[in-house]
1. For the stretch 76-159, what does the alpha-carbon gyration tensor say about shape, rounded, prolate or oblate, given a ≥ b ≥ c as the root eigenvalues, a/c under 1.5 as rounded, and a/b over b/c as prolate?
2. Using a Förster radius of 22 Å, what is the FRET efficiency between Ile74 and Ala131 based on their Cβ-Cβ separation? Nearest 0.05, please.
3. Identify the residues of the stretch 178-192 with backbone N under 16 Å of a label point that sits 7 angstrom from the Cα of Thr109 along the Cα-to-Cβ direction, or state none.
4. Set the Förster radius R0 to 45 Å, insert the Cβ-Cβ distance between Lys162 and Ser262 as r into 1/(1 + (r/R0)^6), and round the FRET efficiency to 0.05.
5. Among the trypsin sites (Lys or Arg not before Pro) in the stretch 285-320, which ones are in a DSSP loop with at most 15 other Cβ atoms within 10 Å of the Cβ? Mind listing them?
6. For Lys169, list the aspartates and glutamates whose Cα falls under 15 Å from its own Cα; do not include residues on the same chain fewer than 8 positions away.
7. Could you work out the Kirkwood radius for the stretch 270-320, taking every pair of different alpha carbons, averaging 1/r and inverting it, reported in Å?
8. State which entries of Lys59/Lys243; Lys243/Lys318; Lys78/Lys243; Lys240/Lys317; Lys59/Lys104 exceed 25 angstrom in Cα-Cα distance in the structure shown.
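What follows draws every value from the coordinates through simple rules; no lab data is involved. No experiment lies behind these values; they were computed from the predicted model shown. Don't worry about glycine lacking a Cβ; one is built from the backbone with ideal geometry, like all the others, and counts go over all protein chains shown.
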Amino acid sequence: MLIKKAADIPSSEITPKGLYLNRRKFVAGTALASAAAVAAGVGLHEMASPSSVAQANTKIDNIQKSPFSTSETITPYKDVTNYNNYYEFSSDKYEPAGLAKNFKTRPWTVTIDGQIKKKQVLDVDTIIKMATPEERVYRHRCVEGWSIVVPWVGFSLSELIKRADPLPKAKFVEFSTLMDLRQMPGQRSRVLEWPYVEGLRMDEAMHPLALLCFGMYGEVLPNQDGAPLRMVIPWKYGFKSIKAIVRVHFTDSQPSNTWNISAPSEYGFYSNVNPHVDHPRWSQATERRLGEFRKRPTLMFNGYDQVASLYSGMDLKKNF
Ligand SMILES: Nc1nc2c(c(=O)[nH]1)N[C@H]1C(S)=C(S)[C@@H](COP(=O)(O)O)O[C@H]1N2
Ligand SMILES: [Mo]
């Protein structure tokens, strides 16, 4: 995993902002695509649906501001959308933006199962409407040493968990990303085990800071940033924030997580941002914000001290 400096990001890679579509246009597009699919006798999945492309950059209505937001300078949109870790598309951070362009995020269902009372398969749009969308400006730090400040849009994962009604024996939540070799060229390579999986302890998952995310910068998530649904866990390294979620599974045992499977001595289950515990191959004491040149100190829990009590009594050097 090579770290390229933010300064290397060419400003020519600015996402065209003239492509904004309003919600009505999008809905009409979907209806049209559906009708065409029925007429042609094929499922929507089989069509190069223009509506799925139109999703990104659609404005999200009625967003409320969140008290959890930082007032730090927001990282430019062009950096956040052109420098991505998304191995299903590529291990080159500059490539997901282009390779995910036609990724189909509708129709999309999420399976909610395991040790809960309300097992169900939900349409992603049903999930998105579960609660009021909030804008949460979070610091987000990659284990590789770069960080971003992003106005994510979503609501606390706890909203979904409450509705799933977990049984007392459910102690962990496991998330899985879509597996689709036709759409995700990176999955043809064995660079990681597929599908990408991640997990949280139940108390971590229930913490109000843990964000179930479907938008950013006031708009629907761009595909390369994890559309249609991803996690954002601001006190943990970026790899915990799984993209393109298709399953939320409740279990009594600690789930495995992709980067831990790949390199157990380098990436743990907890992966809390911790400047005092170095990665075996590099220091974690400082970070570089995309768009900036200087390095800044990395803060314990990425500065989200309110989660400290979740780990009281735990040896965070062992539980890295
Ligand atoms: N499914 C999936 N989720 C993923 C990844 C991935 O490769 N696949 N990369 C992770 C890593 S390492 C980081 S740093 C963040 C990057 O999110 P961003 O591209 O929105 O900044 O996504 C995380 N979620
Ligand atoms: Mo990362």
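1. Details: a/c = 2.02, a/b = 1.53, b/c = 1.33.
Cα axes put the stretch 76-159 in the prolate bin.
2. On the way: r = 23 Å, r/R0 = 1.06.
After rounding, the FRET efficiency stands at 0.40.
3. Output list for this probe position: 178-179.
4. Working: r = 33 Å, r/R0 = 0.73.
Computed FRET efficiency for Lys162 and Ser262: 0.85.
5. Values: sites: Arg288, Arg289, Arg294, Lys295, Lys317, Lys318; in loops: Arg294, Lys295, Lys317, Lys318.
Answer by residue number: Arg294, Lys295, Lys317, Lys318.
6. Within reach: Asp113, Asp203, Asp252.
7. Details: mean 1/r = 0.0836 Å⁻¹.
The answer is 12.0 Å.
8. Where the Cα-Cα span goes over 25 Å, the pairs concerned are Lys243/Lys318.
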